[in-house]
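No value in this document is a laboratory result; all are computed from the given coordinates. Note that the structure is predicted; figures quoted are calculated from it, not measured. A quick note on method: Cβ atoms are made from the backbone with ideal geometry, for glycine too, and the neighbour counts reach across all protein chains shown.
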Amino acid sequence: NAGSSDAKNLRVKLVLLGDSGVGKSCIVLRFVRGQFDPTSKVTVGASFLSQTIALQDSTTVKFEIWDTAGQERYAALAPLYYRGAAVAVVVYDITSPDSFNKAQYWVKELQKHGSPDIVMALVGNKADLHEKREVPAQDGIEYAEKNGMFFIETSAKTADNINQLFEEIAKRLPRPSP
Ligand code: GDP
Ligand code: MG
């Protein structure tokens, strides 16, 4: 595990998984920079950003965020990408049932190859597009419950639930003993 983690200050690797186009990079940019750029292109090259949040119990969590460089387009995203990740955020687009199926595929991959104590979040993004919704929130809730995941719907566009997503993850992290 990361050398600088202690009881008060955690440092964790977080990976994002999900179909291309569901909004993974936009979620990260919204969380880290507070921005949404509707013209942003697919990430070129590896993307790595970090953001620290403080919890109410005065602990801090530094997320080291790994965003794919579009490799999610290819079937086998290297397990190297999620190896050692303490957190996996699996994202789908609430207007795309295909992306919801793909999210379930990634959850199974993580269950097979991820760290046994990985904290997983299931995220239905683009919640602002409610008029085009094709995946009922209930489907996400039920799937997440069955798989021991935290579930939330977000909008990187409006910022809805973006900070809450990371705060909830932080609360669920196993704490190292002091
Ligand atoms: P990625 O391939 O999963 O990293 O997806 P991107 O972050 O590149 O986003 C793909 C497209 O979806 C871009 O055109 C974004 O502007 C758009 N997008 C991302 N998040 C949202 C959202 O919450 N709402 C809406 N309406 N569009 C979004
Ligand atoms: Mg991306």
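In degrees, nearest 10, range 0 to 90: what is the angle between the Cα axis of helix 162-172 and the longest Cα principal axis of the chain? Result, in degrees: 40. What the Cβ-Cβ distance of Asp37 and Gln164 gives, at R0 = 22 Å and to the nearest 0.05, is a FRET efficiency of 0.55.
When a/c reaches 1.5 or more, the comparison of a/b and b/c decides; with that in mind, is segment 89-178 rounded, prolate or oblate per its Cα gyration tensor? Provide the component values of the computation, followed by the final result.
Numbers: a/c = 2.49, a/b = 1.40, b/c = 1.77.
Here segment 89-178 falls in the oblate category.
Summing Cβ point charges (Lys, Arg +1; Asp, Glu -1) relative to the Cα centre of segment 85-154 gives a dipole of roughly 200 debye. Between Leu29, Leu55, Leu110, the Gaussian network model of the chain with springs among Cα atoms under 10 angstrom shows the greatest mean-square fluctuation at Leu55. With each label modelled as a point 7 angstrom along the Cα→C-beta vector, the Glu131-Gln111 pair spans 3.8 nm. Could you sort out which of Lys24/Lys146; Lys132/Lys171; Lys24/Lys62; Lys8/Lys112 sit more than 25 Å apart by Cα distance in this structure? Exceeds cut-off: Lys132/Lys171; Lys8/Lys112. Classification of the chain by its C-alpha gyration tensor yields a rounded form. The axis ratio a/c (a ≥ b ≥ c) stays under 1.5.
With the cut-off at 1.5 for a/c, could you classify segment 110-160 from its C-alpha gyration tensor as rounded, prolate or oblate?
Details: a/c = 3.03, a/b = 1.88, b/c = 1.61.
Prolate.
Taking only DSSP H segments of four or more residues, each worth -39500 (n - 2.57), what value at 222 nm results for the chain once the sum is divided by all its residues, to the nearest 500 deg cm²/dmol? Intermediate values should be presented prior to the final figure.
Numbers: 5 runs with 52 residues, N = 178.
Value at 222 nm, helices only: -8500 deg cm²/dmol.
To the nearest 10 degrees, how steeply does helix 24-33 sit against the main Cα axis of the chain, on a 0 to 90 scale? The two axes meet at around 50 degrees.
Give the calculated FRET efficiency between Glu145 and Asp57 to the nearest 0.05, with a Förster radius of 30 Å applied to their Cβ-Cβ distance.
Numbers: r = 26 Å, r/R0 = 0.88.
It comes to 0.70.
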